[in-house]
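Here is the structure we will look at.
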Amino acid sequence: MTILDGKKVSNEIKDEITAEVKKMKDNGEKVPHLAAVIVGNDGASLTYVGSKVRSCERVGFESTMVRLSNTTSEVELLDKIEDLNNNDDIDGFIIQLPLPPQINTQKVLMAVHPDKDVDGFHPMNFGKMALDMSTFIPATPFGILELLDRYGVETKGKHTVVIGRSHIVGRPMSILMGRKGFPGNSTVTLTHSHTKNITQITSQADIIISALGVPNFLKAEMVKDDVVIIDVGITRVPDESSAKGYVITGDVDFDNVSKKASYITPVPGGVGPMTIAMLLKNTLLARERHRAHSK
Ligand code: NAP
């Protein structure tokens with residue numbers, strides 16, 4: 001069994017990006033600038049945005065965190081997005097999800113200029129992705145592809161089962177694994193909460209990508225020998241014995257499933273760090289496009 005070490009690979013990617021940024025600096029060029037907008041005080045969201053900002057610093061990007069109160073109206077947020085769209089200094093930005101209930105998430109994501117949409121959530125970018133056109137691929141699916149690629153995990157002709165159909169992970173992942181190319185060329189089954197007899201489906205899978213957010217959902221008896229497991233789930237499970245009062249738990253019963261798997265991602269240290277690395281990669285891409293347009 002091989003651990004798909006997202007922490008290690010993400011550090012390699014960050015080193016590669018750092019080298020690119022150094023070249024930019026040496027040539028007197030402006031370095032990439034990522035902004036992150038966070039609305040409210042959700043603990044997990046603040047942690048994610050904090051680590052995105054720290055990662056920017058690590059590779060030499062400029063970063064800006066825009067913090068808005070929990071009572072921010074949709075109009076106020078749309079105004080802020082307009083500012084960021086028009087700010088020539090900023091190459092890309094993200095709106096950290098979830099948003100408070102008074103704000104329509106879809107409307108907000110559609111307001112982000114597609115050229116600055118480094119999360120790849122705008123319908124134009126999502127459509128381009130589905131049509132195999134060059135674009136920003138949402139960071140978590142992009143990170144999974146990169147992990148499979150760097151470990152040389154065969155995906156061609158394999159049966160990939162994706163659990164969860166969210167717009168940010170499961171749905172794009174199902175499209176990407178079925179694309180022509182590597183990683184891809186899989187036969188894909190997309191499952192969700194209405195799927196019947198899920199064990200019958202997962203036990204036929206060569207590759208399982210689990211993104212539902214139910215701790216330890218996938219058990220050893222639900223998978224076959226030599227399965228490849230990608231665990232996207234991140235749930236804070238209360239644990240008084242830990243200093244933080246919770247432990248981060250994946251969707252997969254790692255201790256038992258890992259005994260049958262050929263490759264498996266740990267939680268934490270698997271998909272999570274890859275997501276941040278690919279956000280940086282998308283920001284680099286946004287910078288390159290921005291430069292090409294302004295020439
Ligand atoms: P989400 O929006 O919470 O949706 C969950 C999906 O799982 C839905 O499609 C739901 O089906 C499906 N589902 C729920 N119960 C199910 C069941 N018993 N059997 C099969 N499918 C079931 O998903 P998300 O935003 O993609 O997040 C999923 C998990 O990934 C969360 O733990 C999240 O924290 C984590 N995450 C991690 C990263 C990372 O970087 N590692 C990034 C993003 C998300 P319906 O559509 O029918 O409701």
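The values are calculated or read from the model by the stated rules, or taken from the named source; none is laboratory data. The structure presented is a predicted model; accordingly, all values stated were derived computationally and were not measured. Don't worry about glycine lacking a Cβ; one is built from the backbone with ideal geometry, like all the others, and counts go over all protein chains shown. Quick note on the areas: whole protein, heavy atoms, side chains included, nothing else; ligands and nucleic acids left out. Shrake-Rupley method; radii C 1.70, N 1.55, O 1.52, S 1.80 Å.
Things to note:
- Charge dipole of the chain (Cα centre as origin; +1 on each Lys and Arg Cβ, -1 on each Asp and Glu Cβ, all else neutral): 440 debye, rounded to the nearest 20.
- Residue-by-residue Karplus 3J(HN,Hα) for segment 160-171, coefficients 6.51, -1.76, 1.60, Hz, glycine and proline x: 9, 10, 9, 9, x, 10, 5, 5, 9, 10, x, 4
- Converting phi to 3J(HN,Hα) with the Karplus coefficients 6.51, -1.76 and 1.60 and the offset θ = phi - 60°, segment 21-36 yields 5, 4, 4, 4, 5, 4, 8, x, 8, 5, 7, x, 10, 10, 10, 10 Hz in sequence order, with x at every glycine or proline.
- When the C-alpha to C-alpha distance is required to be over 21 Å, the pairs from LYS7/LYS52; LYS23/LYS281; LYS8/LYS52; LYS196/LYS259 that qualify are LYS196/LYS259.
- Nitroxide proxy distance, nm - points 7 Å out along Cα→Cβ at LYS30 and GLN200: 5.8
- Between ALA220 and ASN86, the modelled label-to-label distance comes to 6.1 nm, taking each label 7 Å out from Cα in the direction of the beta carbon.
- Computed on protein heavy atoms with a 1.4 Å probe, the accessible areas place SER45, SER193, SER262 in the order SER193, SER262, SER45, largest first.
- Comparing PRO138, ILE90, GLY184 along the charge dipole axis of the chain, the residue lying farthest to the positive side is GLY184, per the Cβ-charge model.
- Amide H to amide H, with H built 1.01 Å from N, THR189 comes under 5 Å of THR160, VAL161, VAL162, counting only residues 5 or more places away or on other chains.
- Most mobile listed residue (GLU146, GLU29, GLU154) in the chain, GNM with C-alpha springs under 10 Å: GLU29
- Segment 204-295: GluC sites (Glu not before Pro) in DSSP coil with no more than 11 other Cβ atoms inside 10 Å: GLU240
- Accessible-area composition of segment 26-96, carbon plus sulfur, in percent [1.4 Å probe]: 45
- Global form of segment 209-290, assessed from the alpha-carbon gyration tensor, a/c cut-off 1.5: oblate
- GNM top mover of VAL271, VAL75, VAL37 - the chain, alpha-carbon springs below 10 Å: VAL75
- Axis angle, to the nearest 10 degrees, between helix 74-86 and the longest C-alpha principal axis of the chain: 70 degrees.
- Long-range amide H partners of LYS224 with built H, under 5 Å: ALA205
- Whole-number percent relative contact order across the chain, with pairs defined as alpha carbons under 8 Å at least 6 apart: 21
- Accessible area expressed per residue, segment 1-160, with surrounding protein chains retained (probe 1.4 Å, Å²): 46
- Most mobile of LEU34, LEU77, LEU218 in a GNM of the chain (Cα contacts under 10 Å): LEU77
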